[in-house]
Amino acid sequence: MVKILRKRWIFCRVLALAAIYAACMAASPDLGGETPAVICRAAASPALTDARQTAAYWLERHPEGERLLLDEKGITALNEEMRRKTRTLTALSAAPAVYSGDEVRHRISAVQAIGDFATGAVPELYAGGAVLTQAAYEAARENCALTAVPERVGVRYGVVVRRADLRLLPVADGWFETPSDVHYDALQATAVDPAEPALVLTGSADGRFFFCILRHYSGWLAAEALAFTDRVTWEQYATPADFAVVTAPALTLQAARAQRYQMGARIPLSNEGMLLLPVRTTAGQLQVCPRPASFGGDLHHGYLPCTENQFVRQGFRFLGAPYGWGGLEGSVDCSAFTGDVYRSMGIELPRDADVQGEVLPYRADLEGSAEDRCALLRQFPVGTLLTTPTHVLMYLGTDDAGVPCVLQAMSSYYTFDGGARQKHYLRRVIASTVLFPSFAGTPYIESVQSFGAVCGK
């Protein structure tokens with residue numbers, strides 16, 4: 001494993017600043033003559049609108065882009081290494097069949113803490129356009145039924161049967177920071193595809209939710225989104241001998257009813273090559289629904305090969321897609337975007353942005369100026385993740401001017417017209433340089449804390 005930790009690279013600062021300034025000028029015509037080390041102004045969205053916003057532009061720049069970065073054995077080893085580094089990733093088939101009550105209660109409390117819901121203090125949020133009340137908050141916490149968890153909890157084996165929201169508390173309706181917001185639900189952990197295996201630990205007091213451990217997160221799933229089965233049948237979904245992978249941003253398949261799958265979703269195949277779609281009976285049990293597999297651009301037999309060009313192709317399939325916080329809006333947020341792209345090649349990243357960069361084996365923790373960071377990024381392969389505590393971007397390479405560019409699911413950006421900072425919501429997947437203005441007005445790459453990649457360049 002190769003690590004680059006806090007390396008400083010010596011370059012001509014004047015020439016580097018000039019290159020960054022020229023790139024900002026090209027993207028943002030009203031820089032007002034200020035150096036980007038001080039402020040990088042932008043009059044409009046940072047989304048690229050020229051040839052750099054196409055996959056073809058980047059594929060032509062990578063003459064060795066089809067070279068395999070990791071084979072199947074290497075990906076298996078990488079996934080095992082990442083699981084050792086973070087508790088959020090779980091090898092479900094290796095999990096115990098019985099948990100202690102203390103462990104289950106700890107896991108539920110840890111999920112509550114993600115949204116600052118682990119204490120009795122009512123958060124300053126809105127439900128249904130009105131201030132969240134003490135009574136509603138306490139009812140949500142009591143619905144976790146912590147006192148009802150027995151001292152020994154036997155695992156039940158479930159399979160997700162529809163795309164569903166994984167929640168931090170067992171509540172279906174959203175809680176938001178403003179009365180009018182409908183996009184950023186504070187209860188949303190992530191969205192889960194059909195055919196995902198789940199370890200079911202306990203239920204909510206009202207019986208409408210189950211607390212589950214999934215491959216990359218834990219939380220509360222609506223009861224009707226799960227079907228229960230025996231361990232042997234469940235293993236078909238947890239460790240399938242043969243499987244198909246969704247390679248489109250989204251794909252709808254027809255079982256008893258339409259099922260929506262997102263990129264990277266894995267569907268087991270029968271010995272006859274049929275898709276084994278999961279269906280829930282009226283009694284809540286799993287019924288396996290075989291359907292013919294139609295392989296092509298949207299569905300692949302097994303994982304895609306892990307190459308630089310594959311990161312480009314898969315990433316650009318999301319271009320223009322809506323930004324969906326925690327998988328809402330039927331789409332991706334920043335870390336779901338990178339997670340889906342990586343999973344289409346078999347790499348199981350953690351769900352959260354900050355953790356994604358930390359677990360990859362070839363990485364750099366950053367310091368220094370924008371030009372130092374750009375120079376270091378050029379030493380990393382395409383597909384490298386650039387992470388902050390709240391955001392993650394995927395590296396595409398450098399353009400004709402030598403400026404690093406990225407794909408990202410962007411929620412919002414800032415402009416500084418007349419020196420006044422203004423926030424603008426974009427909420428879509430874009431291609432951009434790494435030099436668009438941060439909250440502080442400096443090139444965004446100066447806010448990036450680490451680079452992480454699956455291997456060296």
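The values are calculated or read from the model by the stated rules, or taken from the named source; none is laboratory data. Everything numeric in this text was worked out from a predicted model, so none of it was measured. Quick reminder, even Gly has a Cβ in these numbers, built from the backbone with ideal geometry, and neighbours come from all protein chains shown. Note: accessible area is taken over every heavy atom of the protein model, side chains too, but ligands, DNA and RNA are not part of it. Shrake-Rupley method; radii C 1.70, N 1.55, O 1.52, S 1.80 Å.
Do you know which residues across the stretch 147-173 are closer than 18 Å to Val122 by Cβ and surrounded by fewer than 21 Cβ atoms within 10 Å (Cβ to Cβ)?
Answer for the stretch 147-173, where residues must be closer than 18 Å to Val122 by Cβ and surrounded by fewer than 21 Cβ atoms within 10 Å (Cβ to Cβ): just Asp173.
If you scan the stretch 184-202, which residues turn out to be hydrophobic (A, V, I, L, M, F, W, C), open to solvent by 10 Å² or more (accessible area, probe 1.4 Å) and in a loop (DSSP other than H, G, I, E, B)?
Ala186
Sort out which residues of the stretch 54-68 are within 24 Å of the chain's Cα centre (by Cα) and open to solvent by 60 Å² or more (accessible area, probe 1.4 Å), and write them in order of number.
Scanning the stretch 54-68 gives a single hit, Leu68.
If you check Phe416 against the conditions, is it among the aromatic types (Phe, Trp, Tyr) and within 26 Å of Ile75 (Cα to Cα)?
Against the criterion (among the aromatic types (Phe, Trp, Tyr) and within 26 Å of Ile75 (Cα to Cα)), Phe416 does not qualify.
Which one of Gly452, Gly397, Gly456 is touching a residue at least 40 places away in the same chain (Cβ under 8 Å) and part of a loop (DSSP other than H, G, I, E, B)?
Gly456
Test of understanding: among Leu360, Leu386, Leu376, Leu349, which residue is more than 21 Å from the chain's Cα centre (by Cα), modelled with pLDDT of 95 or more and of a type outside the set (S, T, N, Q)?
Testing whether each residue is more than 21 Å from the chain's Cα centre (by Cα), modelled with pLDDT of 95 or more and of a type outside the set (S, T, N, Q) leaves just Leu376.
Per-residue answers, yes or no, for (1) under 30 Å from Arg313 (Cα atoms); (2) open to solvent by 20 Å² or more (accessible area, probe 1.4 Å):
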| position | (1), (2) |
| --- | --- |
| Phe210 | no, yes |
| Leu221 | no, no |
| Thr233 | no, yes |
| Gln254 | yes, yes |
| Arg260 | yes, yes |
| Arg266 | yes, yes |
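Kindly provide the set of residues from the stretch 235-247 that are surrounded by fewer than 18 Cβ atoms within 10 Å (Cβ to Cβ) and out of contact with any helix residue (DSSP H, G or I) (no Cβ under 8 Å at 6 or more places or on another chain), ordered by number.
Applying the first criterion (surrounded by fewer than 18 Cβ atoms within 10 Å (Cβ to Cβ)) to the stretch 235-247 yields 235, 239-242.
Listed by number, the residues that qualify are Pro240, Ala241, Asp242.
Kindly indicate which of Gly456, Gly441, Gly452, Gly419 is modelled with pLDDT of 95 or more and not polar (S, T, N, Q).
That would be Gly452, the only listed residue that is modelled with pLDDT of 95 or more and not polar (S, T, N, Q).
Is it the case, given these coordinates, that Ala121 is open to solvent by 50 Å² or more (accessible area, probe 1.4 Å) and not in a loop (DSSP other than H, G, I, E, B)?
Criteria not met by Ala121.
Going residue by residue through the stretch 326-342, is there one that turns out to be assigned to a loop (DSSP other than H, G, I, E, B) and surrounded by 21 or more Cβ atoms within 10 Å (Cβ to Cβ)?
yes
Could you check how many residues of the stretch 345-394 are among the small types (Gly, Ala, Ser) and not in a loop (DSSP other than H, G, I, E, B)? Spell out how you get there, then give the answer.
Restricting attention to the stretch 345-394, the residues satisfying the condition of being among the small types (Gly, Ala, Ser) are 346, 353, 357, 364, 368-370, 375, 383.
Next cut, not in a loop (DSSP other than H, G, I, E, B) only: 353, 357, 364, 370, 375.
Of the residues in that region, 5 qualify.
Kindly indicate the residue of the stretch 94-105 that is exposed (fewer than 13 other Cβ atoms within 10 Å of the Cβ) and in a helix (DSSP H, G or I) and also nearest to the chain's Cα centre (by Cα) among those meeting that condition.
Once the filter is applied, the top-ranked residue is Ala94.
Might you check whether a residue that is at pLDDT 95 or above, closer than 22 Å to Ala225 by Cα and not polar (S, T, N, Q) occurs anywhere in the stretch 110-129?
yes
When you look at Thr133, is it touching a strand residue (DSSP E or B) at 6+ places or on another chain (Cβ under 9 Å), on the phi < 0 side of the Ramachandran plot and free of Cβ contacts under 8 Å to residues at least 24 places away in the same chain, yes or no?
For Thr133, the condition - touching a strand residue (DSSP E or B) at 6+ places or on another chain (Cβ under 9 Å), on the phi < 0 side of the Ramachandran plot and free of Cβ contacts under 8 Å to residues at least 24 places away in the same chain - is met.
How many residues are touching a strand residue (DSSP E or B) at 6+ places or on another chain (Cβ under 8 Å), open to solvent by 20 Å² or more (accessible area, probe 1.4 Å) and under 23 Å from Phe311 (Cα atoms) when one looks only at the stretch 398-425?
Residues meeting the conditions: 2.
Does Val153 satisfy being touching a Lys or Arg at 6+ places or on another chain (Cβ under 6 Å), free of Cβ contacts under 8 Å to residues at least 60 places away in the same chain and more than 27 Å from Ala336 (Cα to Cα)?
Here the answer is no, as Val153 does not meet what is asked.
Asp116 passes all but one of (1) on the phi > 0 side of the Ramachandran plot; (2) over 25 Å from the mean Cα position of the chain (by Cα); which number fails?
Of everything listed in (1) on the phi > 0 side of the Ramachandran plot; (2) over 25 Å from the mean Cα position of the chain (by Cα), Asp116 misses just condition (2).
Do we have Ala205 as among the aliphatic types (A, V, I, L, M), assigned to a loop (DSSP other than H, G, I, E, B) and in contact (Cβ under 8 Å) with a residue 12 or more places away in the chain here?
The answer is yes for Ala205.
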